[in-house]
Every structure is written in C-alpha cells, then in structure tokens.
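In what follows, a structure is listed as structure tokens, so that the remarks can point back to it.
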Amino acid sequence: MTSELWPDWRPRCVSKCSCPKESKRILQKIIFDGPVKMKTESRLFQCKECQRTRTQSAGAAIRSMEFNRAILSAKCLAVIRTESGKARDTETGGPLVGYVSKDGTMVVADAGAPGPRAKLERYSVTIDGEHAQRFCGQINRESEGLMDYVGDWHKHTGISLRPSKQDVSAMKIMADFEFSPTRHPISLIYRKWPQALQIYVWDGSGGLTRIQWKIIPS
C-alpha cells in the first residue's frame with residue numbers, strides 16, 4: 001500500500017478555541033505529495049493552551065503508548081467488507097480510528113473508505129489523504145478527543161496477508177511524522193477469499209510486528 005499519508009495532517013484542538021490571540025503560534029505544516037516527495041508551508045493554526053489540553057486528553061495517549069493486542073469492532077469489520085466488495089479486482093483501503101484502553105489494548109472502533117480521490121490498482125492503493133483527514137477529524141471531535149487515527153487498513157488481491165515493502169514504508173512515514181497522532185500505527189491487511197485478516201503494528205525498529213486480535217460487537 002502507498003499513500004498520500006495525510007496532505008493536511010496537523011494537531012487538532014479537542015474543543016473550540018477561546019484563548020487570547022497572543023497565544024497563537026505558527027506551526028509548520030507538511031504536505032505529502034505521494035509516498036516520498038513533500039513540501040512545507042507555515043500556517044497559523046492553534047494556541048499553546050489548546051495544545052496543552054490536547055496532550056492531556058485520553059486520545060493523545062495513543063501517541064506513545066505501546067500495545068501487543070487489538071480489539072476490532074464489528075462495525076469496523078463491516079466497513080472493510082463493504083469497501084472490499086466494491087473493489088473486486090483491485091486493492092482498496094482507508095484509515096482506522098480508535099484508542100488505547102487502560103489495560104494497553106488497542107481498540108479499533110471504526111474504519112474509513114478510501115475516498116473519492118483514491119487510486120485503486122491491482123497491487124496498490126493510494127488513499128485520499130484529505131478524505132481520511134476529515135473522517136478522523138470528525139470522529140475525534142465527536143468522541144471529545146478520545147478516539148483518533150491509529151493506522152490504516154487495506155485489502156490484498158492475492159492470498160498473502162504479509163505486509164509488503166510499501167506497507168512497511170507507509171507505516172514508517174506515519175510513525176515518524178511530527179504531527180501523527182500515534183508513534184505505533186497499525187496496518188490491518190484483509191483478504192476477501194478465503195476471508196481472513198491480520199493486524200500488524202509498527203515496532204519502532206524498522207518493521208511491522210504481528211499482534212493478536214479479536215472481534216467484539218460495536
């Protein structure tokens with residue numbers, strides 16, 4: 001899987017900002033153009049007070065917390081099955097949102113579609129970054145900061161559930177990206193026939209490690 005990997009990804013406030021103007025600061029915004037090229041620009045985005053609130057929120061705990069197991073909601077799996085059914089002969093994919101529970105379990109609550117600008121090909125998929133950003137942002141707001149981006153899912157057209165070099169590269173980029181909500185993104189690989197899936201997590205040392213998972217009702 002390749003990805004734009006968030007052409008508009010940046011920190012988000014968990015509530016509407018009412019802080020004084022002098023608290024505002026300029027942040028560097030990175031715009032990804034494909035999996036390698038990128039350009040930067042400066043943007044007046046948010047204030048120090050909002051950023052402090054964000055780092056203390058439950059959802060922000062995703063950023064550095066490690067885990068070795070995952071729970072997948074039935075709703076999330078339903079989205080993956082539906083989107084995979086639409087892409088009969090090509091790969092497809094999208095973002096995953098969730099949170100890390102107090103016992104260190106990654107809870108994957110929902111999955112997004114690839115988006116209208118996505119490029120679906122036989123052996124690769126490029127997710128629509130703007131669509132994914134809006135999807136994750138909406139759920140982050142609705143959950144009052146509890147849930148955020150935790151990784152990506154994509155369908156393999158073949159029988160293998162092993163991550164490709166492109167899959168590993170995509171997760172490395174997200175893990176290293178300054179404004180990514182997580183330092184340990186997960187990669188969920190789905191196979192339609194025979195139906196199966198596997199979840200991997202970026203291990204921080206240059207690879208994806210397979211983790212245990214189970215499905216629960218939404």
remark   = Scanning the range 102-117 for residues that are on the phi < 0 side of the Ramachandran plot, touching a residue at least 12 places away in the same chain (Cβ under 8 Å) and surrounded by fewer than 23 Cβ atoms within 10 Å (Cβ to Cβ) gives 105, 107, 109, 110, 113, 116, 117
ask   = Can you tell me how many residues in the range 164-199 are of a type in the set (Phe, Trp, Tyr) and buried (at least 17 other Cβ atoms within 10 Å of the Cβ)?
value = 2
query = Scanning for something among the hydrophobic types (A, V, I, L, M, F, W, C), touching a helix residue (DSSP H, G or I) at 6+ places or on another chain (Cβ under 7 Å) and in contact (Cβ under 8 Å) with a residue 40 or more places away in the chain, does the range 159-171 turn up at least one residue?
reply = no
ask   = Out of (1) surrounded by 17 or more Cβ atoms within 10 Å (Cβ to Cβ); (2) outside any helix (DSSP H, G or I); (3) not hydrophobic (A, V, I, L, M, F, W, C), the odd one out for residue 133 is which?
value = (2)
message = Given the criterion among the charged types (D, E, K, R) and closer than 21 Å to residue 72 by Cα, identify the matching residue among 165, 155, 172.
response = 155
ask   = Mind checking which residues of the range 126-137 are within 19 Å of residue 189 (Cβ to Cβ) and either at pLDDT 95 or above or small (Gly, Ala, Ser) (or both)?
value = 132
ask   = Hey, any hits in the range 89-112 for a residue that's in a helix (DSSP H, G or I) and within 18 Å of the chain's Cα centre (by Cα)?
value = no
Filter result (under 16 Å from the mean Cα position of the chain (by Cα), more than 22 Å from residue 123 (Cα to Cα) and among the hydroxyl-bearing types (Ser, Thr, Tyr)) within the range 165-218 = 180, 182
inquiry  = Just to check your reading of the model, which residue among 85, 93 is surrounded by 23 or more Cβ atoms within 10 Å (Cβ to Cβ) and modelled with pLDDT of 95 or more?
reply    = 93
remark   = Within the range 191-218, the count of residues that are among the hydroxyl-bearing types (Ser, Thr, Tyr), closer than 20 Å to residue 166 by Cα and not in a strand (DSSP E or B) comes to 1
note = Condition set outside any loop (DSSP other than H, G, I, E, B) and among the polar types (S, T, N, Q), scope the range 161-190, selection farthest from residue 151 (Cα to Cα): answer is 166
key: Which numbered condition residue 205 fails, given (1) modelled with pLDDT under 90; (2) among the hydroxyl-bearing types (Ser, Thr, Tyr); (3) in contact with a His (Cβ under 8 Å, 6 or more places away or on another chain)   = (3)
inquiry  = Taking the condition of being under 20 Å from residue 77 (Cα atoms) and part of a strand (DSSP E or B), how many residues in the range 113-125 meet it?
reply    = 2
key: Filter result (at pLDDT below 90, surrounded by fewer than 20 Cβ atoms within 10 Å (Cβ to Cβ) and either among the basic types (Lys, Arg) or assigned to a helix (DSSP H, G or I) (or both)) within the range 61-82   = 61, 63
task = Tell me, yes or no, whether the range 141-148 has at least one residue that is in a loop (DSSP other than H, G, I, E, B) and without any contact (Cβ under 8 Å) to a residue 40 or more places away in the chain.
result = no
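The values are calculated or read from the model by the stated rules, or taken from the named source; none is laboratory data. These numbers were taken from a predicted model, which means no experiment stands behind them. Please note: Cβ atoms are built from the backbone with ideal geometry, for glycine as well, and neighbour counts cover all protein chains shown.
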